[in-house]
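What follows is one structure encoded as structure tokens, with my remarks underneath.
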Amino acid sequence: MEPSLFNTVHQKDALHFGSGDQFEPKTVAEWFNFDKQDVSRIASVAKTSVRYDDNVPKAVRDRLEEIGSIANMVAAFFDGDAAKTSLWFRTKNPMLGDISPRDMVRLGRYDRLRKFIVNAVADRGSPGA
């Protein structure tokens, strides 16, 4: 089944990352327990460029917003339960090559994970099933 165009963005901000002008990139980084080196790799910027104030680099903000969006999509499967969502991201998943979703993001395999989650949403199945 092909994913619906509008099923690729979360419907609610269950994890309280904010959106638009209220988006908090630092909250996403903290929720995933990413350090500056992780964020640097994820956003393809120098580690010294990683910051979360009003001058956050666009690449950092954009990538963390994308990551926050898929986390909220997963949270919808768990009725907004942040603890269950966090556990899903930290647990090795055999459908992802026995790597945790968090590590997929951290190691630069975000696009593969995003496609996996979007397809799970389209299939209306659990992303861990």
Quiz item: Any residue in segment 7-28 that is part of a loop (DSSP other than H, G, I, E, B), at pLDDT below 95, farther than 16 Å from ILE117 by Cβ and touching a Lys or Arg at 6+ places or on another chain (Cβ under 8 Å)?
Solution: yes
Self-check item: Subset of segment 85-102 [loosely packed, with under 15 Cβ neighbours inside 10 Å and out of contact with any helix residue (DSSP H, G or I) (no Cβ under 6 Å at 6 or more places or on another chain)]
Solution: LEU87, THR91, LYS92, PRO94, MET95, GLY97, ASP98
Quiz item: How many of the residues making up segment 37-84 are over 16 Å from the mean Cα position of the chain (by Cα) and of a type in the set (Lys, Arg)?
Solution: 3
Quiz item: Would you pick out the residues in segment 34-69 that are assigned to a helix (DSSP H, G or I), of a type in the set (D, E, K, R) and free of Cβ contacts under 8 Å to residues at least 40 places away in the same chain?
Solution: LYS36, LYS47, LYS58, ARG61, ASP62
Quiz item: assigned to a helix (DSSP H, G or I) and more than 19 Å from PHE17 (Cβ to Cβ) - does that describe any residue in segment 85-94?
Solution: yes
Quiz prompt | Scan of segment 35-80 for residues that are among the basic types (Lys, Arg), over 16 Å from ILE117 (Cβ atoms) and buried (at least 19 other Cβ atoms within 10 Å of the Cβ), ordered by number | solution = none
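The values are calculated or read from the model by the stated rules, or taken from the named source; none is laboratory data. Remember, it's a predicted structure, so these values are computed and weren't measured experimentally. Note that each Cβ is placed from the backbone with ideal geometry, even for glycine, and that neighbours are counted across all protein chains shown.
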